[in-house]
Amino acid sequence: MEKDKELLRETKTRITITRTEGEKPKVKVSNTKSSSTANNNVSKSTSNKSSANIHKKNDSKVGKSNVKQNSKSSTNMGKTMEVNKPVLKHSDNVYYDTGLQGKKTKVLRRDNGSKLLLGLSAISLVLIMAVVGQFFVLESKDPSNVIHSGTMINGVNIGGLESIEAEQLIYDVFKEKSQDFKLKINYGEKSWEFTKDDFKVNSEIHTIIEEASRHNQLLDNYEMSSQTIDDMTKEGVSINVAFNYIFVGLDEKIEDIIKEIEIEPVDSEIVFKPDSKNCFEITADSDGLRVNKEQLYYDINQQFLKSNNIDVNIETIVEKANVTKQDNLNKTQLVSTYTTYVADSTGNRKSNVKKALSYFNGYVVEPNMEVSFNKVTGPHTESNGYKVATVIYNGRFVDGVGGGICQASTTLYNALLLADTEILEVHKHTLPVKYVPLAMDAMVSEYVADLKFKNNNEEPIYITTSTNSESVTVNIYGVKPDKEIKTRSCTLGTIKNTGDKVIYDTKKEYTDKVLFKGEQYRLTYPRDGYEAKAYVEYYRDGKKIEEKEIRHEYYNAQQGIIVEGVEDVPAGLNAIESSVSMDNNTFNIHNNLIPTNMCP
C-alpha cells in the first residue's frame, strides 16, 4: 500500500519524506514556503516533544485554504502530503536532495531490516535540526511579513523570505548582474554604449519588495474565493521590474539620448498686418520627431529579463504640428464687409468717423471676448482729438463734439451682423439717418448708449477699417461660416407729423435770431416718423434656409419748432420779417433721402 508524508515548516527550508511501497523513501530539502497546515490525524500519532511544540505554534495559523489542501492530500496515497508537524516512519533507504541542478546525493543505504536503525537515526538527526531551526525562526519571523511561496522578481525566487531578506537577495543578485551588464542603443548610424561603470543598483530596492508584499495581502484577503487563493499559491506571482528602476542614473542617460534625436514640431503662426494690402502673413508649419519611448523601454526590459547583453534600436514617430498653415488660412478668411458713405459730410465730421474707426483697425477679438465701442474709442472729447460737427440732440440736428461717431459705430455694427457676431447692446437714433436703412443704425453716446458685442466663435475674429473722402469700410476676418448671411430692413408704416409749434424766447437763447414780438425763426421742420424691422437671413446654395428678426424700432414723428421774440417793438421801428414757410424746408429734402423699403 502506497503512503506519503511531507513535513513543511515556516522557514526557508522544506523537508519532504516520501515512502512508496516497493520504492526507496526520499528526504528532499528545498528553499520554498507553503501555507499548508497540520493534519490532525497525523499529529495524533507523533510523540516527539519538539514536534508537538511546533504544532502548537502553527495551530493558530491554520486557514481555510490550508485545511482544504490537507484534506485533499490525505486522501491521495502516493502523492506528497504537506504537514506542519513532523511525522517519521521506518524506511528502507534515505536520500538527501541538495536542490542543486536536480542531482541527488546518496546519504545512506542499508539492506532491508538489518540497517534500519542507522537510517532512522540519520532521518531523526535531519528532523531534529530542522525542528530546532524552525523553533528559532518561528520565534523571530512575523508570518504576515513572509512572502508567499512562488513569488518571483525578475526570475529570482523570494518565496518564504521576509522583506528584509528578500531586499538583500534582490540587491545582491542585481549587483552581481551589473558586473557583466552591457547596453547598446542604436539610432540610424549613431549608437550609444553603456558598461558596468554606468550601472548602480537602486538603494530604494525595498519598494519592489513592497510590491511583492502587496500580493501577500491579496492572498490573505478572505473576500477572495478559496479556488483563487489556491491557484495563486500554486502558480505563484511573477513580478518584472523595469531595468531603469533597478539601475539608477540610466533613465537620465537614455533621456539625454532622446533629446539628441527628438525634434519639436513648429506650429504655423498668424502675423496680423491690418494696414497691408494682404493683411495676414501666415508662417509655415513643420513636423516634429518623437522617440517611441514606450517601445524603447519595452524592448530593453524584454532583453533585460533574458540577457545581460542588450542591443536595441530606437523607433521614432512623426509628430504633426498642432496648427498647420492651412489651419491658419482657414482662420483668416474674409467673413464680411460693410461700407457707408461720407461724401456730403463736413471735414470735421469725416475726421471724427475716421478717428473712431481707427481704434478698430487691427483689433483682435478673442473667443468669448466682449467689446464696448465707447470704451475702445473714448473719451469722445476735443482733448482726445474729436472735433465739433453736427449731432442729433433731442430730435434736433445741432453742433457738438464728436459728430459722426455714430456713423462709425453703425458701419461696424452692420459688418458684425454679416459675420453672425452676437450683439449685446444696440440703440437707434431719435431721428432716422440717411447712411443706413431704418432699424440698422447703432447710435452711441458716452454714459448713455453703447454698442456692445461678443465673439461667439471658437476662433478669434480680426477687424480692419479703411476710410477715404467718400466712404468708410469695416472688414471682419475669421472662420468663414458654412452659410451666406444677409441683412434686410423694411418699413411697416409711416407716422405722420403734427405740424409746427411756436416757442417764445423768454430765456433770450435766440436773440441773434429773434428779438421782438412778431419776429420768428424756424429751428426745425416737422418730420414724419417710421415703424421698421430688421432681419438677418441665412442662405445655403443660394436658397434661404433661415430668417431671424433682430430689430423692431419706432422713429417718432417730430414737430416743427418756430421760435419768436418776446420784446415789444420800439416806437418808430418795425419787426424784421422772416420766412418760416415750408418752402425752404431743406430738411424735407434730406428726409426724403431716408432709405425706406416698405415691408410686404
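A short reminder: the numbers here are calculations on the coordinates, not readings from a lab. Just so it is clear, the structure is predicted and the values come from calculations on it, not from any experiment. Neighbour counts run over all protein chains shown; Cβ positions are idealised from the backbone, glycine included.
Remarks
- Cβ-derived FRET efficiency at R0 22 Å, residue 156 paired with residue 293, nearest 0.05: 0.25
- Checked against a 31 Å cut-off, the cross-linked pairs 277/544; 454/486; 355/544 give Cα-Cα distances beyond that limit for 277/544; 355/544.
- Environment charge of residue 431, counting only residues whose C-beta is closer than 13 Å and scoring Lys/Arg +1, Asp/Glu -1: +1
- Each 10 Å bin, from zero up to the one with the longest distance, holds this percent of the alpha carbon pairs of region 291-360: 14, 19, 13, 12, 10, 9, 10, 8, 4, 0.
- Relative packing of 470-480, 547-557, which averages over residues the other C-beta atoms within 10 Å, highest first: 470-480, 547-557
- For region 469-486, 3J(HN,Hα) computed residue by residue from phi via the Karplus equation (6.51, -1.76, 1.60; θ = phi - 60°) reads 5, 10, 8, 10, 9, 10, 10, 10, 10, x, 7, 6, x, 7, 9, 7, 10, 10 Hz, glycine and proline entered as x.
- Modelled FRET efficiency - R0 51 Å, residue 516 with residue 480, Cβ distances, 0.05 increments: 0.15
- Diffusion coefficient of region 332-481 by Stokes-Einstein, Kirkwood radius over Cα pairs, 37 °C, 0.692 mPa s: 214 µm²/s.
- Relative protection proxy for 432-440, 457-465, 179-187, from highest mean packing down: 432-440, 457-465, 179-187 (other beta-carbon atoms within 10 angstrom).
- Pairwise FRET efficiency - residue 578 versus residue 556, Cβ, R0 = 30 Å, nearest 0.05: 0.60
- Going from the fewest other Cβ atoms within 10 Å to the most, the residues 425, 366 appear in the order 366, 425.
- Likely footprinting exposure, 598, 152, 443, fewest C-beta neighbours within 10 Å first: 598, 152, 443
- Region 349-422: translational diffusion in µm²/s, Stokes-Einstein, Kirkwood Rh over Cα pairs, 4 °C, 1.567 mPa s: 98
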